[in-house]
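The values are calculated or read from the model by the stated rules, or taken from the named source; none is laboratory data. Nothing here was measured: the structure is a model prediction, and the numbers come from that model. With ideal geometry, Cβ positions are generated from the backbone for all residues, glycine too; neighbour counts draw on all protein chains shown. Please note that ligands, DNA and RNA were not included when accessible areas were found on the heavy atoms of the full protein model with its side chains. Shrake-Rupley method; radii C 1.70, N 1.55, O 1.52, S 1.80 Å.
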Amino acid sequence: MAKLLRALLYKMNLPEEETESAVSKIKERKMSMLFENVTMDIQAERRGRARAEERLDAAIKKLDIAEKAFEIYKQVSRMQRRGCSEDEIQRALAEKFSLTEEEAKTECRKALEEYLED
């Protein structure tokens, strides 16, 4: 029983001192004291992890959106400096970023407004 508990606690990455303390309680037959200071709630930990993963996923989505907007802005900026027309820019955006005509038009106008402000 002591070996089994030791293996489990090491696998759970419990510090060696705490692991050996728990194992010694089994060896000394002090089972009633074995879990006296245990405060871990596995279900709460899982819920916390699930919430953290949801926040991470949301942050990644926001980052992806911002990255795409930045790439569109760079493309518009480059094409604007080369003297491309708005229609050429919109077609390039639609092709490169898999946008519909309307989305490309909106993104192009938004980027041009920002570009002209700078």
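Name the one entry in THR100, THR106, THR39 that is at pLDDT 90 or above, loosely packed, with under 10 Cβ neighbours inside 10 Å and of a type in the set (Val, Ile, Thr).
THR100
Give me the pairs, please: first residue somewhere in segment 1-20 and touching a residue at least 24 places away in the same chain (Cβ under 8 Å), second residue anywhere and open to solvent by 60 Å² or more (accessible area, probe 1.4 Å) and outside any loop (DSSP other than H, G, I, E, B), beta-carbon distance under 6 Å, and either six or more positions apart or on two chains.
Filtered contacts from segment 1-20: ALA2/LYS27.
May I ask you to verify whether ARG49 is loosely packed, with under 11 Cβ neighbours inside 10 Å, at pLDDT 90 or above and of a type outside the set (Asp, Glu)? Let's see the steps before the verdict.
Working: loosely packed, with under 11 Cβ neighbours inside 10 Å: yes; at pLDDT 90 or above: yes; of a type outside the set (Asp, Glu): yes.
Judged against the criteria, ARG49 is a match.
Just to be sure I understand the filter: pairs with C-beta atoms under 8 Å, separated by 6 or more residues or on different chains, first member in segment 72-90 and within 12 Å of GLU113 (Cα to Cα) and among the hydroxyl-bearing types (Ser, Thr, Tyr), second member surrounded by 11 or more Cβ atoms within 10 Å (Cβ to Cβ) and modelled with pLDDT under 90. Which pairs pass?
TYR73/ALA111; TYR73/GLU114; TYR73/TYR115; SER77/ALA111; SER77/TYR115
Suppose we filter SER77, SER24 for residues that are assigned to a helix (DSSP H, G or I) and farther than 30 Å from THR106 by Cβ; which single one remains?
Matching residue, one of SER77, SER24: SER24.
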